[in-house]
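These notes concern the structure reproduced below.
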Amino acid sequence: MLRGLNFVARGCRQGPSMARLSSTTAPETPSVEEKPWENPWKHALPKQEKTFTDYEELKLDFSVVESLLPKEIIPEVPQHESYPTASGWRPPLDPPPALPYYVRRTREHVFPLYLERKRDMLNETTLDFDYVELVTVKHVEGDVFAFEADLRSFLEKELGQPVATHIDEMKGRIRVKGADRSLLERFLFEKGF
């Protein structure tokens, strides 16, 4: 039986193309001298008498669907009567500050600050792991090292203790350990980004 399956599978590769089998006309009737093992698909499919290719075109109003689709362009910065807004949001300075670095906002016009929680060290008294919160600043363009030096001096002055930073120059990211996300947001607002 296994040998027969291999033979059929081998015959599939050498058989007719699928376009011929899915055509709208009925398949040809096998000739007397044609051997069924040479073209097993031709004999395995039932003879097709009628095709169903009719279709009907409906006129629909897609205005409701189009309103649900995502926008193709990024919306402009929203205008408010006074800043900061109730949520604390402020627009970036126009023109941008003349610094050797720039932090680009996301498409929602917020800062690219991301909070992640990682396992830190083993607490020997409780034999449980301590967790640390890291804040990642993304979309840093220009001199990443100058940005990190300014950020670290600001945070150490505000906190009164040293903070740990990690620079990923290729991706334009800086990870900060030991500082709250709101402090980094305040730094970015003060710089005018």
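The values are calculated or read from the model by the stated rules, or taken from the named source; none is laboratory data. Everything numeric in this text was worked out from a predicted model, so none of it was measured. Cβ placement follows ideal geometry from the backbone for every residue including glycine, while neighbour counts extend to all protein chains displayed. We work out accessible area using only protein heavy atoms, side chains counted, and drop any ligands, DNA or RNA first. Shrake-Rupley method; radii C 1.70, N 1.55, O 1.52, S 1.80 Å.
Details
- In plain terms, the chain from T126 to T51 could stretch by 19.6 nm, reckoned as 0.36 nm per residue minus the Cα-Cα distance.
- Surface accessible to a 1.4 Å probe, V140 within the full protein complex, Å²: 10 Å²
- Shown are K47, K157, whose ranking by accessible area with a 1.4 Å probe and every protein chain present, most to least, is K157, K47.
- Ligands, DNA and RNA aside, Y83 has an accessible area near 80 Å² when probed at 1.4 Å.
- Loop-located GluC sites (Glu not before Pro) in the stretch 52-128 (DSSP state not H, G, I, E or B) with no more than 16 neighbouring Cβ atoms inside 10 Å: E56, E57, E72, E76, E81, E108, E124.
- Taking all protein chains together and a 1.4 Å probe, the residues V110, V132 rank V110, V132 from largest to smallest accessible area.
- Shape of the stretch 48-147, Cα gyration tensor, a/c cut at 1.5: oblate
- List H80, H166, ordered by accessible area with a 1.4 Å probe, largest first: H166, H80
- Whichever aspartates and glutamates have a C-alpha closer than 17 Å to that of K138, once near sequence neighbours (fewer than 8 apart) are set aside: E108, E116, E148, D150, D168, E169, D180, E185
- Nearby aspartates and glutamates by direct alpha-carbon distance to K47 (threshold 20 angstrom, same-chain neighbours under 8 apart not counted): E28, E33, E34, E38
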